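K.L.:
After the C-alpha cells below, expect a handful of questions from me.
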Amino acid sequence: MAKQLTVFMENRPGRVNSVCDILEEQGLNIWAFTIQDRGDFGLMKLIVDKPDRAQLALADRGFACALKDVLAIIAPDKPGNLDRLTSALLEKHVNIKDMYGFVSPNDRQGLCFMEFENPDAVDIAELVAQYDFRVLSNEELYEL
Amino acid sequence: MIWNEKFETMPLEELKNLQSERLVSLARYVYDNCPWYKRKFNDVGVGPADIKSIDDIVKLPFTNKLDMRDSYPFGLFSRPRTDLVEIHVSSGTTGNPTLVGYTRDDISLWGEVMARSLCCAGAVPDDTIQIAYGYGLFTGGLGAHYGAMEMGLTIIPTSSGQTKRQLKIMQDFQPRILACTPSYCLYMADDAREIGIDPRTASWKIGVFGAEPWSESMRSEIEQTWDMLATDIYGLSEIIGPGVSQECTYKDGLHLYSDVFYPEIIDPDTGKPVPEGQDGELVITTLTKQGIPLIRYRTRDIVSLTYEPCKCGRTSPRTSKIKGRTDDMIVVRGINVFPSQIEHVLLGIEGTHPHYQLVIDRGAHKLDSVEIMVEVDERIFSDEIKRMHALEQKIKKEIEAVLSIGVTVRLVEPKTIARSEGKAKRVIDKRQL
C-alpha cells in the first residue's frame with residue numbers, strides 16, 4: 001500500500017511553500033500531491049518517497065499531519081482506461097472516497113491513488129488485473 | 001428635572017445617616033433570612049450587632065460572582081421563591097448561570113432608579129421613548145421599561161433588531177429618547193442612510209446607552225452622526241440591572257444612587273479601600289433590596305469615584321466610565337463573554353484542550369464580531385476534510401448556544417496563536433471603543 005501524507009494548512013500565502021521547504025530540507029522527493037480546499041483551511045495530500053520521515057519532519061515543525069494507506073494503481077495511458085477501472089469498481093459496489101492521479105509522460109503510464117469506503121469488500125488487485133492494471137507493491141513504489 | 005429630589009439632592013451628612021440606618025437593617029435582614037450570609041458572617045466573626053454605621057461596612061465579607069453561581073439557584077436569596085414576581089437568568093460561564101430575582105418592591109425600586117436615570121439623561125414625563133434593548137432574560141429591555149413606566153413616558157418597546165422597522169417607527173412616532181447599546185445606535189445610522197433617512201433629522205435627541213463599554217470618541221461619533229445627546233448608563237443584573245448609575249446632561253461622570261446602592265472602591269488585590277478619585281474595583285451593597293440583597297458585591301469593573309458636587313445639583317457620588325475589568329470578561333453586543341466559556345465548549349467537544357484565541361472586532365457595520373481561532377493539533381486533526389468541516393461547524397454551533405451570539409470559527413495551524421511566556425493570549429480586542 002502507498003502511504004499518503006495529509007497535512008492541515010490554513011489558506012494563506014506561504015503555507016504550501018513552508019511544507020515544501022521542510023521536505024526539501026530533508027532531501028525528500030514529492031511524487032504526487034493534491035489540495036482539498038475548504039475556505040479558510042484545506043488539506044494537502046502528498047505521496048513522497050519517504051513518508052515516515054516526511055511526517056516526522058512536518059510534525060516536528062508544528063504541522064498537524066497523518067499518514068494513511070491508499071492504493072496506487074498503475075495503468076497504461078490510453079483513452080477509456082479510467083472508465084474501465086471505475087466501471088469495474090461500480091460493478092462490485094466499491095465506493096470511492098478519494099482519488100487523484102497523473103500520467104508519467106516518459107513511459108505513458110497512468111498512476112492513480114485511491115481510497116475506498118469499503119476496501120475489504122473485494123480484492124482490488126484481482127479486480128483490476130482483468131484489464132492488465134496493477135496495484136503497485138511497496139517494493140515497486142518505495143524502492144525506485 | 002430631578003426625579004426624586006429628596007434622595008438625589010440629599011446633603012451628604014444626611015445621606016450618610018440614611019445609609020447607616022439602612023445598612024444596620026440590611027445586616028440584620030440577611031443574617032436572619034439568608035442562611036448563606038449567616039454562615040458567611042459567622043465565618044469572619046461578625047454579627048448584625050457589630051454593624052452600627054455605614055463605616056462598619058468594611059467588617060462585612062465580600063460577595064463574588066462565584067458565590068452566586070455556587071449557590072444557584074436560590075441559595076443567596078433572602079426571600080422564598082413565592083415572594084418573587086420576576087426572575088432573570090444570565091448565561092453561565094462554566095457550569096451554573098447567574099440567577100437574580102425581584103420581589104414586587106424590588107421591581108418598584110428598579111422602576112425608581114431607572115426613572116431617575118432617564119430624568120438624569122434629560123427625559124421629561126411627556127416624552128416618548130423607544131426601547132431597543134433586548135426584552136427577555138437580558139435585564140436591559142425590561143429595566144428601561146419599568147423606569148419609563150414609572151416616569152409616565154410613552155413607551156415603544158421595539159426590543160433589539162429589525163433595524164429598518166426601528167427606523168420606520170422612529171419616523172412615525174417621533175420618540176425623543178432612544179435606549180439601546182451604543183454600537184447598535186451607530187449601526188442603525190448605516191441602515192438609515194440606506195433607506196434615505198438623514199440621521200441628523202431623526203427624532204431621537206437623547207440616547208441612553210449602556211450594556212457595553214464605549215469611549216468618548218464613540219460618544220462624539222454618535223452625537224455628530226445623529227445630532228443627539230449621548231449619555232452613559234451603567235448597571236449589572238446582580239445589583240438590579242440597568243439603573244445603578246447614569247450620566248446627567250453635563251456628562252461628567254455617572255451618578256450612582258448611593259441611597260440604595262452603596263459604592264466602595266477597593267484595591268482588587270488587597271480588598272482595601274483606595275483614596276477618593278483613584279482607580280479601583282467598584283463594590284456595591286444593595287441597601288434596600290429584598291429578594292436577593294447583596295453585601296459588598298465585587299463588580300470586577302474598574303472605575304474611580306468622586307463625591308464632588310455636580311453642577312446638576314445631585315449629591316450622589318459619580319463614577320468614571322468603566323476603565324477596565326479585574327477579570328477576563330469582555331462585553332460583546334451587550335453580552336458578557338468569558339474566555340472560560342469557550343474553553344468549556346472545546347473541552348466538551350473533543351475532550352481536549354486545544355489552543356484558541358478570541359478576536360473581537362467592530363466592523364464597518366459598527367457591530368461587534370467574534371472570531372474564534374482554534375488550533376488544529378494532532379488531537380483534533382482528521383485527514384478527512386468533511387470531518388474537519390464538521391468539527392468547525394460543531395464548535396460554532398455549541399459556542400453560539402452558550403453565548404447566544406453569532407460567532408465565526410476559524411481552524412488554524414498549530415502554534416499560530418502567539419504565546420507569551422508559554423501562555424497563549426486568549427483575547428485580542430481590536431475594537432476602537
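K.L.:
Can you give the Kirkwood hydrodynamic radius for the protein assembly as shown, in Å, rounded to one decimal and based on Cα pairs?
P.N.:
28.0 Å
K.L.:
Shielding by partners for A:93-99, please: the mean number of other protein chain Cβ atoms within 10 Å of each residue's Cβ.
P.N.:
Rounded to a whole number, the mean comes out at 1.
K.L.:
Too long at a 26 Å Cα-Cα cut-off: which of B:K205/B:K311; B:K40/B:K272; B:K38/B:K321; A:K68/A:K92?
P.N.:
Distance filter (> 26 Å) returns B:K38/B:K321.
K.L.:
Which of rounded, prolate or oblate describes the stretch B:1-150 when judged by the alpha-carbon gyration tensor and an a/c cut-off of 1.5?
P.N.:
Here the stretch B:1-150 falls in the oblate category.
K.L.:
Mind pulling the angle between the C-alpha long axis of helix A:51-60 and the longest principal axis of chain A? Nearest 10 degrees, somewhere in 0 to 90.
P.N.:
30 degrees
K.L.:
Here is a follow-up. Alpha carbons only, please: Rg and Dmax for chain B, in angstrom.
P.N.:
Rg and Dmax of chain B, Cα atoms, are 22.6, 72 Å.
K.L.:
If you average the C-alpha positions of the stretch B:147-189 and of the stretch A:1-76 separately, how far apart do those two centres end up, in angstrom?
P.N.:
So the separation of the two Cα centres works out to 56 Å.
K.L.:
Quick one: 3J(HN,Hα) in Hz for the stretch A:29-45, Karplus 6.51/-1.76/1.60 with θ = phi - 60°, rounded, Gly and Pro as x.
P.N.:
Values per residue, Gly and Pro as x: 10, 9, 9, 8, 7, 7, 10, 9, 9, 9, x, 6, 9, x, 10, 9, 10 Hz.
K.L.:
Shifting gears a bit: Using each residue's phi in the stretch B:238-252, evaluate 6.51 cos²θ - 1.76 cosθ + 1.60 at θ = phi - 60° and report the 3J(HN,Hα) Karplus result to the nearest Hz, with x for Gly and Pro.
P.N.:
Here the 3J(HN,Hα) series is 4, 7, 6, x, x, x, 6, 8, 7, 6, 8, 5, 7, 6, 10 Hz.
K.L.:
What FRET efficiency, computed as 1/(1 + (r/R0)^6) with R0 = 51 Å and r the Cβ-Cβ distance, is obtained for B:V85 and A:K68, rounded to the nearest 0.05?
P.N.:
0.25
K.L.:
How many Cβ atoms of partner chains, on average, are near each residue of A:59-66 if near means within 10 Å of its Cβ?
P.N.:
Taking all residues of A:59-66 together, the mean is 5.
K.L.:
Got a number for carbon plus sulfur as a percent of the stretch B:81-327's accessible area, 1.4 Å probe?
P.N.:
49 percent
K.L.:
Okay, next question. Quick one: net charge of A:R12's neighbours, Cβ under 10 Å, K/R +1, D/E -1?
P.N.:
Summing Lys/Arg as +1 and Asp/Glu as -1 gives -2.
K.L.:
If each of B:V427 and B:M149 carries a label point 7 Å out from its Cα toward its Cβ, how far apart are those two points in nm?
P.N.:
About 3.3 nm, to one decimal.
K.L.:
Using modelled backbone amide H atoms (1.01 Å from N, in-plane), which distant-in-sequence or interchain residues come within less than 5 Å of B:R325's amide H?
P.N.:
Correct list: B:I302.
K.L.:
What list of ³J(HN,Hα) values in whole Hz, one per residue of the stretch B:376-386 in order, does the Karplus curve 6.51 cos²θ - 1.76 cosθ + 1.60 (θ = phi - 60°) give from phi, with Gly and Pro shown as x?
P.N.:
Whole-Hz 3J(HN,Hα) from phi for the stretch B:376-386: 8, 9, 4, 6, 10, 6, 10, 8, 10, 5, 5.
K.L.:
Excluding ligands, DNA and RNA, what is the solvent-accessible area per residue of chain B at a probe of 1.4 Å, expressed in Å²?
P.N.:
41 Å²
K.L.:
Can you pull the percent of Cα pairs in the stretch B:311-397 with separation above 23 Å?
P.N.:
Of all Cα-Cα distances in the stretch B:311-397, 43 percent exceed 23 Å.
K.L.:
Now for a separate question. Given Cβ point charges of +1 (Lys, Arg) and -1 (Asp, Glu) and nothing else, what value in debye, to the nearest 20, does the dipole of the protein assembly as shown about its Cα centre take?
P.N.:
Taking the Cα centre of the protein assembly as shown as origin, the dipole is about 1220 debye.
K.L.:
Turning to a different aspect of this structure: Mind giving me the FRET efficiency for B:D269 and B:D32? R0 is 35 Å, r the Cβ-Cβ distance, nearest 0.05 is fine.
P.N.:
For B:D269 and B:D32, the calculated efficiency is 0.60.
K.L.:
For the stretch A:1-57, just run the numbers: alpha carbon Rg, then divide by 2.2 N^0.38 Å, N being how many residues it has.
P.N.:
For the stretch A:1-57, the normalised Cα radius of gyration comes out at 1.08.
K.L.:
Local charge sum around B:K52 (other residues, Cβ-Cβ under 15 Å, Lys/Arg +1, Asp/Glu -1)?
P.N.:
Around B:K52, the surrounding residues sum to 0.
K.L.:
Could you check the spin-label model distance between A:Y131 and B:S25? Points 7 Å from the Cα along Cα→Cβ, value in nm.
P.N.:
Distance between the two pseudo-spin positions: 9.2 nm.
K.L.:
Indicate the gyration tensor shape class of the stretch B:81-327 (rounded, prolate or oblate), computed on the Cα atoms with a ≥ b ≥ c the square roots of the eigenvalues: a/c under 1.5 is rounded; otherwise a/b larger than b/c is prolate and the rest oblate.
P.N.:
prolate
K.L.:
Could you tally the net charge around B:P414, taking each other residue with its Cβ under 11 Å from the Cβ of B:P414, Lys/Arg +1 and Asp/Glu -1?
P.N.:
Net charge in that neighbourhood comes out at -2.
K.L.:
Can you list the residues, at least 5 places off or on another chain, whose amide H is less than 5 Å from the amide H of B:T158, using H built in the peptide plane?
P.N.:
B:I131
K.L.:
Under unit Cβ charges (Lys, Arg +1; Asp, Glu -1), what dipole magnitude, rounded to 20 debye, does the stretch B:335-429 have relative to its Cα centre?
P.N.:
160 debye
K.L.:
Defining a contact as two alpha carbons under 8 Å apart and six or more residues distant in sequence, what relative contact order in percent does chain A show?
P.N.:
26 percent
K.L.:
Also: Of B:I51, B:M388, B:M170, whose Cα points farthest to the positive end of the dipole of the protein assembly as shown (charges on the beta-carbon: +1 Lys, Arg; -1 Asp, Glu; origin at the Cα centre)?
P.N.:
Positive-end residue among those listed: B:I51.
K.L.:
Something else now. Average partner chain C-beta neighbours within 10 Å, per residue of B:371-384?
P.N.:
That works out to 4 on average.
The values are calculated or read from the model by the stated rules, or taken from the named source; none is laboratory data. Only a predicted model underlies this, so the values are computations on that prediction, with no experimental measurement involved. Positions of Cβ are backbone-derived with ideal geometry, glycine not excepted, and every protein chain shown enters the neighbour counts. Ligands, DNA and RNA are excluded from the accessible area calculation, which covers all protein heavy atoms including side chains. Shrake-Rupley method; radii C 1.70, N 1.55, O 1.52, S 1.80 Å.
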